[in-house]
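Notes for the one structure printed next.
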Amino acid sequence: MVREAAETLKKSVLWDLLTTVDHKKIAVLYLLAGTLFFGKAGLMAIIFRIQLMYPESTILSGQTYNEFITMHGTIMLFLAATPLLFAFMNYMIPLQIGARDVAFPFLNALGFWFFFFGGLLLSLSWFFGGGPDAGWTAYVPLSSRDYAGIGLDFYVLGLQISGLGTLISGINFIVTMITMRAPGMTMLRMPLFCWTSFVTSMLIVFAFTPLAAGLALLMLDRMFGGQFFIPSEGGNVVIWPHIFWIFGHPEVYILVLPAFGMISEIIPVFSKKRLFGYTAMVFATIIIGFLGFMVWVHHMFTLNLGPITNSIFALATMIIGIPTGIKIFNWLFTMWGGKLWFTTAMLCASSFVPTFVLGGVTGVMLAMAPVTHLYHDTYFVVAHFHYIILGGIVLGLLGATFYWYPKMFGHCLNETLGKIMFWIFYVGFHLTFFVQHILGLIGMPRRVNVYLADQGWDGMNLISSIGSYMQGVAIIILLINVVYSAMKAPDKPVDDPWDGRTLEWATHTPVPEYNFAQTPQVRSLDPLFYEKVHGDGTMKPAEPIGDVHMPNGSFFPFLIALGSFIVGFGLIMLHMDAWINPYIVVGIGAVLMFGSMAMHSWKEDHGYHITKENIEAMEQEALADERNR
């Protein structure tokens, strides 16, 4: 079969993954890494739910419990949810806008490897004195050198490196969507998933920069005798929560907005209707992104910043519910009167709506500053947060997995196993977290590893733990489904199993290296569906067929990120009893990192061309395959 240009050489799978700059393969790397981190954090959650299943349990010590909850929250937000979302953003954004790749393929690979090595550095903390133990928010002074061990150094350096990768990727997506859209695809013809990814990328740029600054200040305090957060030396511990939550609340929307986009792609397809109120959805997304930076102080109502400050941010928090409500009603109106097809993807998408509404309602309750003084350190906040993050993002990810899996891997996941997985997960989710609202209202504090019997908490903690085990079983069923579906996959890949509406379904499966042989001409919103109704079902080309320029793969992104990992580990060694001078390790890492940057800059790499003849041969073969299916 003719699948590669004559200029390219066959590589081993490992070498190909280490050197690839293809957005589709990088998406698979994000998917694999995010799944591994998700499994790790989920296992921690199940272990500490075992601890809380019964009163006065002794399975985990207080110290180990603190490390588990810190790593669980940190991994889920930074190393699991974000890369899983980036997997779909990487794969689908260029396809949905009719582009052949992202704007900066080299930076795309670099962003992944920074993320991966940052997560790896954080994970190594278990082998060098224990994980970070100050909570995922790392509040000072709990995270200062006086109270937190070397695990916090891994936290600071790991998140610095990983966050740099996220920041690079966000910039890349912004440039891609601004400059590489197909002819006719105006900004107000972009799919909603692209729009939510665009606003998310803007949030990344403006939110991860203060996080990087805050982590740098904390690093200086912990490693080099800085005094930014030490009151006795003129510092101020309140600076940290301000810096953290200026990042932390937009981070909620960095995670939720792409899930909104996934739901907005799935519901129209399985309702057999155009998305209701597309323009309103776009502007609601923009408003959510803007207001996301206006509400961070609602995480700090108990710091007594004053009634005026609290009132302003309480009002802003309530206002942000308006554009979110627009989205909820538009999804409902899209389903209203549609020919609903309840596949697993649609079950996840439709169940997302009431689940997220419940999380939003409790969020409005927490927006009231006097009430937050009662709720703040209780399980009510834990329940609210997980209804937004787990009930929202994971349902979106599960729906997107079943919806886009055929495009990414050439075959559908088994629907029977998928529906079993969904119902076990959905029931388990509500068992786990709904009762935690009640636990919080009757006084159970969060972040405790043990509680006394006969306080009215025993039964609900048992129910909550059983629900968490059900969620774990559901994820195991999903993994079984992946293996089973691969074994039962048909010889011929499926192209458009859901009667899709957007451009990713207009190209062949498996997607060619160049994505589109000819850049498509977009004539309407939902461009593929428009051609199915008004044309012959195929996209009209905007250019004659010709040679296609492609970037070469590169090993330098891996080496640059590896160098940053070595530098970070060397800095952490400053507070270890190391057998080698830490500055030697830092120097080795710096030479590798900056030397790789220099070599990449000096090396002339103009990529290569897939010739017109090769493209025509591949297109003819793909069309012949499609006719035989």
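The values are calculated or read from the model by the stated rules, or taken from the named source; none is laboratory data. Bear in mind the structure is a predicted one, so any value in this text is a computation, not a measurement. So basically every Cβ, Gly included, is an ideal-geometry build from the backbone, and we count neighbours across all protein chains shown. Ligands, DNA and RNA are excluded from the accessible area calculation, which covers all protein heavy atoms including side chains. Shrake-Rupley method; radii C 1.70, N 1.55, O 1.52, S 1.80 Å.
Of the residues 396, 392, only one is part of a helix (DSSP H, G or I), in contact with a Ser or Thr (Cβ under 8 Å, 6 or more places away or on another chain) and either open to solvent by 10 Å² or more (accessible area, probe 1.4 Å) or of a type outside the set (Lys, Arg) (or both); which? Steps first, please.
Working: 396 fails: in contact with a Ser or Thr (Cβ under 8 Å, 6 or more places away or on another chain).
From the options 396, 392, the qualifying one is 392.
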> Only one residue in 355, 302 is in a helix (DSSP H, G or I), over 16 Å from residue 192 (Cβ atoms) and either touching a Leu at 6+ places or on another chain (Cβ under 7 Å) or modelled with pLDDT of 95 or more (or both). Which one?
Replying inline: 355
>> Looking only at residues that are in contact with a Pro (Cβ under 6 Å, 6 or more places away or on another chain) and open to solvent by less than 30 Å² (accessible area, probe 1.4 Å) in region 532-589, which one is farthest from residue 519 (Cα to Cα)?
In response: 573
> Is at least one residue of region 297-304 surrounded by fewer than 15 Cβ atoms within 10 Å (Cβ to Cβ), of a type in the set (Ser, Thr, Tyr), closer than 29 Å to residue 240 by Cβ and in contact (Cβ under 8 Å) with a residue 60 or more places away in the chain?
Replying inline: yes
>> Could you check region 600-613 and list, in sequence order, the residues that are in contact (Cβ under 8 Å) with a residue 12 or more places away in the chain and either more than 16 Å from residue 546 (Cα to Cα) or out of contact with any Asp or Glu (no Cβ under 8 Å at 6 or more places or on another chain) (or both)?
In response: 600, 605, 607
>> If residue 180 satisfies all but one of (1) open to solvent by less than 10 Å² (accessible area, probe 1.4 Å); (2) closer than 25 Å to residue 281 by Cβ; (3) among the aliphatic types (A, V, I, L, M), what's the number of the condition it fails?
In response: (1)
>> For residue 226, only one of the following conditions fails: (1) open to solvent by 10 Å² or more (accessible area, probe 1.4 Å); (2) in a helix (DSSP H, G or I); (3) among the small types (Gly, Ala, Ser). What is its number?
In response: (2)
> How many residues are closer than 23 Å to residue 615 by Cβ and either open to solvent by 10 Å² or more (accessible area, probe 1.4 Å) or of a type in the set (A, V, I, L, M, F, W, C) (or both) if we restrict to region 92-136?
Replying inline: 10
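Against the definition (closer than 30 Å to residue 499 by Cβ and in contact with a Leu (Cβ under 6 Å, 6 or more places away or on another chain)), how does residue 283 come out, yes or no?
Working: closer than 30 Å to residue 499 by Cβ: yes; in contact with a Leu (Cβ under 6 Å, 6 or more places away or on another chain): no.
Criteria not met by residue 283.
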>> It is to be established whether one or more residues within region 255-262 are under 18 Å from the mean Cα position of the chain (by Cα), without any contact (Cβ under 8 Å) to a residue 40 or more places away in the chain and open to solvent by less than 40 Å² (accessible area, probe 1.4 Å).
In response: no
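Evaluate the following for residue 593: is it assigned to a helix (DSSP H, G or I), open to solvent by less than 40 Å² (accessible area, probe 1.4 Å), over 20 Å from residue 165 (Cα atoms) and not polar (S, T, N, Q)? Break it down into steps so the answer makes sense when it comes.
On the way: assigned to a helix (DSSP H, G or I): yes; open to solvent by less than 40 Å² (accessible area, probe 1.4 Å): yes; over 20 Å from residue 165 (Cα atoms): no; not polar (S, T, N, Q): yes.
Here the answer is no, as residue 593 does not meet what is asked.
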>> When you check residue 463 against the structure, is it more than 30 Å from residue 450 (Cα to Cα), open to solvent by 10 Å² or more (accessible area, probe 1.4 Å) and in contact with a Leu (Cβ under 7 Å, 6 or more places away or on another chain), yes or no?
In response: no
> Would it be correct to say that residue 303 is farther than 22 Å from residue 200 by Cα and touching a Pro at 6+ places or on another chain (Cβ under 8 Å)?
Replying inline: yes
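Regarding residue 158, is this residue buried (at least 24 other Cβ atoms within 10 Å of the Cβ) and under 19 Å from residue 244 (Cβ atoms)?
Details: buried (at least 24 other Cβ atoms within 10 Å of the Cβ): yes; under 19 Å from residue 244 (Cβ atoms): yes.
Considered against the rule, which asks whether it is buried (at least 24 other Cβ atoms within 10 Å of the Cβ) and under 19 Å from residue 244 (Cβ atoms), residue 158 comes out as yes.
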>> Could you list, ordered by first residue, the pairs with Cβ atoms under 9 Å in which the first is in region 507-525 and within 20 Å of residue 409 (Cα to Cα) and acidic (Asp, Glu) and the second is part of a loop (DSSP other than H, G, I, E, B) and open to solvent by 10 Å² or more (accessible area, probe 1.4 Å), at least 6 apart or interchain?
In response: 513/3; 513/4; 513/8; 513/22; 513/100
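For (1) part of a strand (DSSP E or B); (2) at pLDDT below 95; (3) more than 25 Å from the chain's Cα centre (by Cα), each residue gets a yes or a no:
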{"position": "463", "(1), (2), (3)": "no, no, yes"}
{"position": "483", "(1), (2), (3)": "no, no, no"}
{"position": "486", "(1), (2), (3)": "no, yes, no"}
{"position": "497", "(1), (2), (3)": "no, yes, yes"}
{"position": "516", "(1), (2), (3)": "no, yes, yes"}
{"position": "522", "(1), (2), (3)": "no, no, yes"}
{"position": "549", "(1), (2), (3)": "yes, yes, yes"}
>> Among the residues of region 314-323, what is the count of those that are assigned to a helix (DSSP H, G or I) and surrounded by 21 or more Cβ atoms within 10 Å (Cβ to Cβ)?
In response: 2
> In the list 88, 112, which residue meets the criterion of being hydrophobic (A, V, I, L, M, F, W, C), more than 29 Å from residue 597 (Cβ to Cβ) and under 14 Å from the mean Cα position of the chain (by Cα)?
Replying inline: 88
>> Go through region 183-210 and report how many residues are aliphatic (A, V, I, L, M) and either open to solvent by less than 10 Å² (accessible area, probe 1.4 Å) or not in a helix (DSSP H, G or I) (or both).
In response: 6
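Hey, any hits in region 330-345 for a residue that's open to solvent by 60 Å² or more (accessible area, probe 1.4 Å) and either among the polar types (S, T, N, Q) or assigned to a helix (DSSP H, G or I) (or both)? Before the answer, list the steps.
Kept after step one, since they are open to solvent by 60 Å² or more (accessible area, probe 1.4 Å), are these residues of region 330-345: 332-333, 336-337, 339-342.
Then drop every residue that is not either among the polar types (S, T, N, Q) or assigned to a helix (DSSP H, G or I) (or both), which leaves 332-333.
Yes, the conditions are met somewhere in region 330-345.
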> Which of the residues belonging to region 598-628 are open to solvent by less than 70 Å² (accessible area, probe 1.4 Å), among the hydrophobic types (A, V, I, L, M, F, W, C) and touching a His at 6+ places or on another chain (Cβ under 9 Å)?
Replying inline: 610, 618, 622
> From the list 280, 284, 213, 207, which one is more than 19 Å from the chain's Cα centre (by Cα) and over 26 Å from residue 399 (Cα atoms)?
Replying inline: 213
> Using beta carbons and a limit of 8 Å, which pairs, at least six apart or on different chains, have the first residue in region 57-80 and on the phi < 0 side of the Ramachandran plot and the second one acidic (Asp, Glu)?
Replying inline: 63/133; 66/133; 67/133; 70/133; 77/251
> Given the structure, is residue 435 open to solvent by less than 40 Å² (accessible area, probe 1.4 Å), assigned to a helix (DSSP H, G or I), under 24 Å from residue 76 (Cβ atoms) and out of contact with any helix residue (DSSP H, G or I) (no Cβ under 7 Å at 6 or more places or on another chain)?
Replying inline: no
>> Going through 130, 158 one at a time, which residue ends up being assigned to a helix (DSSP H, G or I), closer than 23 Å to residue 33 by Cα and in contact with a helix residue (DSSP H, G or I) (Cβ under 8 Å, 6 or more places away or on another chain)?
In response: 158
